[in-house]
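First comes the structure, then the notes that go with it.
The values are calculated or read from the model by the stated rules, or taken from the named source; none is laboratory data. In this text the structure is predicted, and so the values were computed from the model without any measurement. When we count neighbours, we look across all protein chains shown, and the Cβ atoms used for this are built from the backbone with ideal geometry, even at glycine. In case anyone asks, the SASA skips ligands and DNA or RNA and just uses the protein heavy atoms, side chains included. Shrake-Rupley method; radii C 1.70, N 1.55, O 1.52, S 1.80 Å.
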Amino acid sequence: MGNFAIKAENLSKSFRISHLSQSLELHDALERLIRTPARLVTNLFSNSQSATQVTRLPAYETLWALKEIAFEIKHGEVVGFIGHNGAGKSVALKILANIMKPTKGLAQIYGRVGAILEVGTGFHPELTGRENIYLNGAILGMKNHEIKLKFEEIVDFSGVERFLDMPVKRYSSGMRVRLAFAVAAHLEPEVLLFDEILAVGDNAFEKKCIDKMKALAKSGRTLIFVSHKMASVENLCTRALLFQQGKIIMDGSCPDVITHYSSLPNPNGKANSKDE
Amino acid sequence: MNRIMKSTLPKKTKPSDLLVNQSGIHLTEIKPVKGWVPLQLAELWQYRDLVYLLVWRDIKVRYKQTVVGSSWAILQPLITMIVFTLLFDKLVKIETGETPYPIFSYSALVPWTFFTHAMTKLSTCLTGNYDLVTKVYFPKLVLPISIILAALVDFIISFIMLLILMVIYGITPGISIITLPLFVIMAVATAFGIGLWLAAVNLQFRDISNAVPFIIQIWMFITPIAYPSSLIPEKWRALYGLNPMAGVVEGFRWALVGSSWEMPVSILATSLFAVAVLLMGGLFFYRRKEMTFAEVA
C-alpha cells in the first residue's frame with residue numbers, strides 16, 4: 001500500500017474483431033456449440049488433427065486495445081490522458097471505471113471511484129429536471145440523502161432553476177448538458193474519471209466546468225481527464241500520459257507531453273477506432 | 001465486482017482532509033475475470049437507492065401520454081378473460097367444477113399477465129439501457145430487479161380487480177389463501193429467472209427480441225390458464241409441471257378458490273424444482289455474462 005491513488009501494472013485489453021456479418025453470429029455460436037463436442041468425439045477416434053482443422057478462414061481477429069500499460073498516479077494529481085483516436089485512452093478509462101474487465105494485468109485504486117464517460121447518462125426525457133438530478137445522481141453512485149444535501153448547489157451550478165419542473169425533453173441541449181455536468185461535478189468520490197466531457201457547452205460554461213474541476217482537484221481529489229482539447233488539458237492537468245496504439249509512449253509534465261503529441265503524425269485511417 | 005473494503009489507511013498517511021470524513025478507504029482491485037463469479041449481494045444492497053429510483057422512473061414514465069393510464073393493467077387480463085369465457089365456457093364448455101369460469105380463468109390470468117409483462121421487459125432491460133450498460137458502473141442486476149419490482153405494481157392492480165370479481169361472484173377463499181404469497185414469490189422467481197437468461201443473451205443476439213412474443217404464445221398453451229390441468233393424464237402431470245408457470249397458475253387458483261379446487265401436488269413439486277433451477281442458473285449466467293456486457297452491447 002503505497003502513497004498512490006491509482007496504480008496500473010501490465011494492464012492489457014484485447015477485443016475480438018468479428019469478420020462475420022452480424023446475422024451470422026448466432027449461427028456461428030450455435031455451430032461452435034455443436035461442433036465442440038462433435039470434435040471431441042471425432043478426436044477420440046482419430047489421432048490426426050488435420051482432418052478437423054480444415055480450411056476455415058479465421059472468423060475472429062484479436063486486437064489489443066491496450067498493451068501492458070503501467071502507471072502510478074498519486075493522491076491529488078490531475079492527469080490528462082491524450083492521444084489520437086483509437087490509442088486506448090477510453091478503454092483505459094473504462095477499465096479503471098470498472099465498466100470493462102482487463103484481459104491481463106492489475107489496477108488498484110484507493111478511494112471511491114466516480115466516472116463520467118458521458119454527460120447525462122440515464123437522463124430520461126419524460127422526467128423533469130428535478131427528477132433527473134436524483135436519477136442521474138443515483139446512477140453515478142450517490143445515495144439519495146447525499147443528493148438531497150447537494151440539491152441546491154447542483155441547481156445553482158446548472159443555472160436551470162426556472163425550468164426545474166419541466167420535462168428534460170423540452171430543454172435545449174445546452175441546458176441538458178449543464179444540468180448533467182452539475183450533477184457530475186458534485187460527486188463525492190476521491191477518484192474522478194472524466195471522458196471528453198467538455199466537448200459540449202458554450203465557452204462560458206466550459207470555463208465554469210474547468211474552474212469547478214480545478215476546485216475538485218484542490219480539495220484533494222485525484223482526477224483523470226481524457227480529452228482532445230489540448231488547451232483544456234494544459235489548463236487543468238499537471239501531468240499527462242500520451243497513448244499510442246495501446247501503449248503509453250510518454251509520461252511527463254503537461255506541456256512537454258503536449259508538445260511531443262503535436263509533433264506525432266496522425267496514424268488514423270489505418271488505426272482502429274474501437275474505443276472512441 | 002472486486003470492490004472490496006480490504007483495508008483502511010492509517011490516519012497519518014491520509015493524504016488530505018477530504019478522506020478523513022470517509023468511513024474508510026476502499027481499495028478497488030481491477031483484474032481479469034474468468035469463469036463463474038459470485039453474486040455479490042452485499043454490493044447490490046449498496047445500490048438500493050438506485051433500484052428505488054429506477055422502479056419509480058419506470059412506473060412514472062410507463063403511462064405518460066396514454067389515455068386510460070394504469071387501467072391497462074386491468075384491461076388486458078379482463079378482456080382476455082371475457083374472450084376465454086365466451087370461447088371455452090360457452091362454446092367448448094370446459095369443466096371447471098364449482099368455480100365459475102370467469103374466476104377460473106381470471107385468477108390464472110393475473111399471475112400470467114404479470115409473468116409475460118415482466119419477461120418481455122426483462123428481455124430488453126440491457127438492450128434498452130445501452131448507456132447504463134456501457135457508460136457507467138453499477139451492479140447490473142439492479143436493472144432486472146427494478147423492472148420486476150415495477151411489474152409487481154401492475155400485478156397488484158390486476159389482483160385487486162380479481163378480489164372485486166370474487167366478491168361479485170360471491171366466492172370466499174378458504175384457509176388455503178395463506179399460501180398465496182408463496183405462489184406470488186414463485187411467479188416472481190420464474191419471471192426473474194427466465195428474464196435474466198433472455199436479457200443476457202439478447203444483448204449479444206437480438207434474435208431474442210423477435211422470439212419472445214412467440215415464446216409467450218406457445219408457453220400460454222402449455223400453461224393451465226384456459227383449461228384445468230386435470231385434463232392432463234395423471235402420469236404426465238409431473239412432466240407437465242416442469243413448466244414452472246403450471247405450478248404458479250394452479251397454485252394461485254388453488255390458494256384463492258381452494259375450497260372447490262384441488263391442488264395437483266405432482267405438478268407443484270416439479271414446478272418448484274424447475275423454478276429453482278431456472279432462477280439459480282439465470283442469476284449465475286447473468287453474472288458471468290455481466291463481465292462482458294460493455295463489450296458485446
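So the values come out like this:
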| read-out | value |
| --- | --- |
| Residue match in the range B:109-129 (condition: touching a residue at least 24 places away in the same chain (Cβ under 8 Å), within 14 Å of chain A (Cβ to nearest Cβ) and crowded, with 22+ Cβ neighbours inside 10 Å) | yes |
| Test: residue in the range B:235-257 that is small (Gly, Ala, Ser) and under 25 Å from B:LEU132 (Cβ atoms) | no |
| Residue in the range A:219-231 that is modelled with pLDDT under 85 and in contact with a Lys or Arg (Cβ under 6 Å, 6 or more places away or on another chain) present | no |
| Residue among A:ASP202, A:ASP156 that is at pLDDT 90 or above, more than 20 Å from the chain's Cα centre (by Cα), open to solvent by 20 Å² or more (accessible area, probe 1.4 Å) and more than 14 Å from every other protein chain (Cβ to nearest Cβ) | A:ASP156 |
| Residues that are touching a Phe, Trp or Tyr at 6+ places or on another chain (Cβ under 9 Å) and either at pLDDT 90 or above or in a helix (DSSP H, G or I) (or both), drawn from the range A:33-74 | A:TRP64, A:ALA65, A:LEU66, A:ILE69, A:GLU72, A:ILE73, A:LYS74 |
| Out of A:ALA107, A:ALA115, sole residue that is part of a strand (DSSP E or B), open to solvent by less than 10 Å² (accessible area, probe 1.4 Å) and under 21 Å from B:GLU290 (Cα atoms) | A:ALA107 |
| Count - residues of the range A:222-238 that are in contact with a Gly (Cβ under 7 Å, 6 or more places away or on another chain) and either within 14 Å of chain B (Cβ to nearest Cβ) or charged (D, E, K, R) (or both) | 1 |
| The listed residue being modelled with pLDDT of 90 or more, under 20 Å from A:ARG112 (Cα atoms), crowded, with 20+ Cβ neighbours inside 10 Å and more than 9 Å from every other protein chain (Cβ to nearest Cβ), out of A:ASN136, A:ASN132 | A:ASN136 |
| Cβ-Cβ under 8 Å pairs, at least 6 apart or on other chains, the range B:130-142 side more than 7 Å from every other protein chain (Cβ to nearest Cβ) and of a type in the set (Lys, Arg), far side open to solvent by 10 Å² or more (accessible area, probe 1.4 Å) and in a loop (DSSP other than H, G, I, E, B) | none |
| Residue pairs meeting the criteria (Cβ under 8 Å; at least 6 apart or on separate chains; first within 14 Å of chain A (Cβ to nearest Cβ), in the range B:60-75; second open to solvent by less than 50 Å² (accessible area, probe 1.4 Å) and small (Gly, Ala, Ser)) | B:ARG62/B:ALA150; B:TYR63/B:GLY69 |
| Index of the failed condition, B:ILE157 passing every other in (1) within 28 Å of B:LEU278 (Cα to Cα); (2) of a type in the set (Val, Ile, Thr); (3) within 14 Å of another protein chain (Cβ to nearest Cβ); (4) out of contact with any Phe, Trp or Tyr (no Cβ under 6 Å at 6 or more places or on another chain) | (3) |
| Every residue from the range A:116-168 that is small (Gly, Ala, Ser) and in contact with a helix residue (DSSP H, G or I) (Cβ under 7 Å, 6 or more places away or on another chain) | A:GLY120, A:GLY122, A:GLY129, A:GLY137, A:ALA138, A:SER158, A:GLY159 |
| Selection from the range A:118-145 of residues that are part of a loop (DSSP other than H, G, I, E, B), in contact with a strand residue (DSSP E or B) (Cβ under 8 Å, 6 or more places away or on another chain) and either without any contact (Cβ under 8 Å) to a residue 60 or more places away in the chain or over 15 Å from B:LEU132 (Cβ atoms) (or both) | A:PRO125, A:GLU126, A:LEU127, A:LEU140, A:GLY141 |
| Some residue of the range B:162-170 being open to solvent by 40 Å² or more (accessible area, probe 1.4 Å), closer than 26 Å to B:MET81 by Cα, modelled with pLDDT under 95 and in a loop (DSSP other than H, G, I, E, B) | yes |
| Residue that is nearest to B:TRP219 (Cα to Cα), among those in the range B:232-268 that are open to solvent by 60 Å² or more (accessible area, probe 1.4 Å) and without any contact (Cβ under 8 Å) to a residue 60 or more places away in the chain | B:LEU242 |
| Residue check, A:MET100 more than 7 Å from chain B (Cβ to nearest Cβ), in contact (Cβ under 8 Å) with a residue 24 or more places away in the chain and among the aliphatic types (A, V, I, L, M) | no |
| Test: residue in the range B:136-152 that is of a type in the set (D, E, K, R) and surrounded by fewer than 20 Cβ atoms within 10 Å (Cβ to Cβ) | no |
| Which listed residue, of B:PRO139, B:PRO181, B:PRO173, B:PRO224, is in the same structural domain as B:LEU279 (by TED's automatic domain parsing), of a type outside the set (A, V, I, L, M, F, W, C) and assigned to a helix (DSSP H, G or I) | B:PRO181 |
| Selection within the range B:244-268 - of a type in the set (Gly, Ala, Ser) and modelled with pLDDT of 90 or more | B:ALA246, B:GLY247, B:GLY251, B:ALA255 |
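Per-residue answers, yes or no, for (1) farther than 15 Å from A:PHE243 by Cα; (2) aromatic (Phe, Trp, Tyr); (3) buried (at least 23 other Cβ atoms within 10 Å of the Cβ):
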| residue | (1), (2), (3) |
| --- | --- |
| A:HIS75 | yes, no, no |
| A:LYS94 | no, no, yes |
| A:PRO102 | yes, no, yes |
| A:GLY111 | yes, no, yes |
| A:VAL119 | yes, no, yes |
| A:GLU126 | yes, no, no |
| A:GLU146 | yes, no, no |
